Amino acid sequence: MYYQNKVVWITGASSGIGEALAYALNKKGARLILSARREQELERVKKNCSGNPEDILVLPLDLTESDLFSEKTAEAKTHFGGVDILINNGGISQRAYALEADMASIRHLMEINFFGAIALTKAVVPAMIERGHGHVVVISSVMGKFGTRYRSAYAASKHALHGWFDCLRQEVQKDGIDVSIVCPGYVKTNVTKNALKADGTKLNEMGDAHKKAMSPDEFAEKLLPKLSAGKQEIYIGGKEIAAVYLKRFFPKLLNKILMRSKVT
Ligand SMILES: NC(=O)c1ccc[n+]([C@@H]2O[C@H](COP(=O)([O-])OP(=O)(O)OC[C@H]3O[C@@H](n4cnc5c(N)ncnc54)[C@H](OP(=O)(O)O)[C@@H]3O)[C@@H](O)[C@H]2O)c1
């Protein structure tokens, strides 16, 4: 019942985890706002959903264009009256050594993964506070809990989300706002294909671990009950989730294990 008739705004809804969340939430009777840059892909996702087309608003946005977010938030309000759940999911990764990645590529990734997510949250939450309820979700990663070779900017952007959203939770809990941070392990999406190389161009390759990973639909099915239970930090994945606990209790051991493992 948690999702029935709720208005859920999902960024990165044009593919992967965001698309799967759209279908899972549509099945649970939620009304949806679908955002990403590619409008045609968002329309495709909308078409694949069932029910009244008025219950799904396609609202294209680029997470690097935060000056437009108050306008986008107003459009969402005009259509639905308010947003109950915001899922900050849109993001990109990088595969590059820390000392080789161009500063421009690092700044671009931070603009999408960190500044985009917090700017949209800042645009949406005040109206949630006025209404006395709301749920803000951010899709981080296990890379938000520890680091490995070749993912420095990505891990930094995800760690930054934990800092910002943990603080936000403390500030808005009294206003009836929940904040959940989600840390997926490997999920079979185009995230590595879309990852940036050191020079900022697209990698265009699917990583080995991602080829064998859980489907985005399975991920979405596992995530929704945890969100509706009000969990504050959520880990979903395969054996890579153990690394989160190793980092907490045996950080040197994790470092040793990661140094021996193949990182692609
Ligand atoms: N797959 C995994 O193994 C995994 C693991 C941990 C965390 N995650 C996180 O899960 C989230 C979703 O990724 P995914 O795996 O589903 O990858 P994906 O299939 O590549 O999806 C990424 C989504 O982000 C959107 N996006 C990218 N740049 C954007 C921008 N500038 N403005 C607006 N939207 C933008 C893309 O849409 P457009 O191209 O249409 O804009 C797309 O819908 C990301 O935050 C990622 O870091 C994924």
Qualifying chymotrypsin sites (Phe, Trp or Tyr not before Pro) for segment 1-102 [loop in DSSP, other Cβ within 10 Å: at most 16]:
TYR2, TYR97
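Would you rank MET103, MET206, MET1 by solvent-accessible area, highest first, keeping every protein chain in place and using a 1.4 Å probe?
Details: MET103 110, MET206 50, MET1 190 Å².
Descending order: MET1, MET103, MET206.
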Mind running the shape call on segment 40-162? Use the C-alpha gyration tensor, a ≥ b ≥ c as the square roots of the eigenvalues: rounded below 1.5 for a/c, prolate if a/b tops b/c, oblate otherwise.
prolate
Accessible area of VAL187, 1.4 Å probe, to the nearest 10 Å²?
10 Å²
What full-extension length gain, to one decimal in nm, is calculated for SER261 and ARG38 as 0.36 nm per residue of separation minus the Cα-Cα distance?
76.7 nm
15 Å reach of a label modelled at LYS222, 7 Å along Cα-to-Cβ, counting backbone N of segment 140-156:
140-143
Hey, rough spin-label estimate for ASN5 and SER215, points 7 angstrom out along Cα→Cβ, what's it come to in nanometres?
3.2 nm
Heavy-atom accessible area of GLU111, protein chains in place, probe 1.4 angstrom, given in Å² to nearest 10, is 60 Å²
How high is the FRET efficiency from CYS167 to ARG131, r the C-beta distance, R0 25 Å, rounded to 0.05?
0.70
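The values are calculated or read from the model by the stated rules, or taken from the named source; none is laboratory data. This structure is a prediction, so every number in the text was calculated from the model and none was measured. Cβ: placed from backbone, ideal geometry, glycine included. Neighbour counts: every protein chain shown. Areas reflect the complete protein model, heavy atoms only, side chains present, ligands, DNA and RNA absent. Shrake-Rupley method; radii C 1.70, N 1.55, O 1.52, S 1.80 Å.
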